[in-house]
1. Applying 1/(1 + (r/R0)^6) with R0 = 30 Å to the Cβ-Cβ distance of L115 and E81, what FRET efficiency is obtained, to the nearest 0.05?
2. Looking at this model, which pairs from K326/K421; K154/K223; K223/K374; K101/K132 are more than 19 angstrom apart at the alpha-carbon?
3. Give me, ordered by chain and number, the residues 5 or more places off S236 or on other chains with an amide H under 5 Å from its own placed amide H.
4. Quick one: order D392, D330, D114 by neighbouring beta-carbon count within 10 Å, fewest to most.
5. How large is ³J(HN,Hα), in whole Hz, for each residue of region 116-129 in order, when computed from phi with the Karplus curve 6.51 cos²θ - 1.76 cosθ + 1.60 and θ = phi - 60°, using x for Gly and Pro?
6. How far is it, in nm, from the label point at S342 to the one at K405 when both lie 7 Å from their Cα along the line to the Cβ?
7. Which residue, chosen from A15, N82, L36, occupies the Cα position most advanced towards the positive end of the dipole of region 2-103, where the dipole is computed from +1 (Lys, Arg) and -1 (Asp, Glu) charges on Cβ about the Cα centre?
8. At 0.36 nm per residue, minus the direct Cα-Cα distance, what do D280 and R183 gain on full extension? Give it in nm, one decimal, please.
Amino acid sequence: MNDHLPNERARSTIAALQTTAICTIIPRLARNPHFLALFEPIPSRTPTLLANYIICQELERLADEEKLDEEQQILWRRYCENRYLYSEVRRHLIQYCPLGKCSVSGESRSPFEDLEMAELKSRIAAVIEAVKNRQSHERRQLDMTRDEKRRSAKREVGKRHRRCYCVRTLASFEPFLDLLRARNVSTSWVDLAGGLVQRALEDYCNESVLVVDDFDDKQQPGKALGDEVLFHLFGSQRDGKEPCVDCNAERSVESMAQLLQQRLALSTIDIHFQRPLDSDEQRDVNRMRRICYDRALESLMTYGVFEELSSKKVDLDQAAAQEWVKIAGDALSGELEAVANSPVEAETEDADFDEEEQQRSRFDDPYADFLEGKCVDMLWDERVPLEIYLRDFAQYLDSLGYHPKWHWADAIRQRLEVAEKGSMVNREIQEIRGEFMMKRQRSFPQVASSSDRVMKKTRVELEC
């Protein structure tokens with residue numbers, strides 16, 4: 001029994017010291033520059049960890065002054081490890097001091113000490129207010145984010161319903177089906193088909209109370225055909241869109257999908273937009289890209305990674321070819337963006353670029369000089385693999401005819417072929433070559449049917 005008496009005495013001593021400790025160290029904290037620095041400027045988060053460390057130091061000094069024995073020091077250190085020391089200091093100053101010693105004024109303190117404690121109390125109160133304001137702002141932001149997610153989800157549902165209506169309507173609309181059956185392989189079929197898509201969309205929106213806000217009845221026919229029909233039916237790996245299972249399960253839609261596949265197999269698919277272009281898009285995109293390529297080529301001729309294309313054929317292993325594709329693709333995409341962000345050259349012979357437009361420089365909007373007033377809002381999709389940039393660049397080089405660098409095209413394709421050798425060809429490249437049904441057949445075997453076989457029989461390999 002007597003062996004426990006020293007421990008009980010130690011506990012009693014420490015308990016008594018704990019009762020007055022916070023009241024004792026608060027005036028010291030009010031003079032501690034390191035402690036005061038935690039609140040200047042006023043933080044929007046309570047500096048609990050740092051404050052507890054400084055408070056613990058003051059408590060250890062207090063223990064040294066009390067000349068505690070070893071057992072008392074052990075108990076005292078346990079108290080100092082309390083994670084709520086700062087909360088106790090704050091409670092004493094702001095809410096309630098059990099001993100009534102931590103009020104702003106006291107008989108045992110000088111006026112100067114009163115001012116110091118008043119300043120500390122003011123800073124701690126300011127932190128409390130700043131934390132409340134931040135939390136209130138975060139709650140509003142969280143509510144806005146949740147509301148936006150709900151609205152976004154509703155918009156996506158609205159888009160899907162709209163596209164389902166459009167696809168199923170067109171699947172029963174003979175003029176649209178006759179257009180797909182026609183033997184005409186010019187780009188005019190995209191203009192006509194896209195126009196019919198727009199008419200179906202207008203019918204849907206005219207009788208909708210809540211109109212999906214992303215629909216523009218003046219959008220290009222090619223874009224309408226791609227967004228509302230092709231990507232809805234066949235999916236888009238780049239955008240993470242899966243084929244619509246419900247629509248593909250409809251027999252009439254399945255028949256229309258076969259006709260679309262046959263038509264796409266005979267059409268040129270733009271490797272950046274992943275769809276055929278309408279006449280206006282093809283005219284403007286080809287012209288604007290060529291302007292950019294012409295100007296970029298001058299700079300690319302000085303890049304070492306492209307200069308080596310002029311040397312004799314060098315056998316590259318797959319790793320070296322892949323590294324070249326990465327470096328060359330980065331250089332090409334960066335140069336094209338820089339070119340499109342700069343003013344149009346005054347010596348361009350294109351009549352559509354007037355003198356005022358030639359002098360305009362837009363550095364805050366990519367491709368602004370080329371795209372303003374045109375039918376597209378971008379020339380290249382920055383999300384595509386670098387191989388796509390290089391393939392399109394090789395096509396441009398083919399069109400130059402006799403040019404000091406025309407032979408780069410074959411050299412680029414050779415490196416791309418080596419880089420892809422021994423590995424699965426990029427699925428996105430397969431998709432833009434016309435194999436739109438690959439994902440649908442893999443993910444939704446229940447809706448894959450004879451349309452896939454027709455696609456394989458009728459597909460003509462598209463140049464990328």
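1. Once the sixth-power term is evaluated, E becomes 0.40.
2. Exceeds cut-off: K154/K223; K101/K132.
3. Residues meeting the criterion, in which the H sits 1.01 Å from N, are K241, E242.
4. D330, D114, D392
5. 4, 5, 5, 5, 4, 4, 4, 5, 5, 4, 5, 5, 4, 5
6. Output for this residue pair reads 1.3 nm.
7. Value computed over the given set: L36.
8. 32.8 nm
All of the numbers you see were taken from the coordinates with simple rules; none came from a lab. This is a predicted model, so every value here is computed, not measured. In this analysis, Cβ positions are derived from the backbone assuming ideal geometry, glycine residues included, and neighbour counts consider all displayed protein chains.
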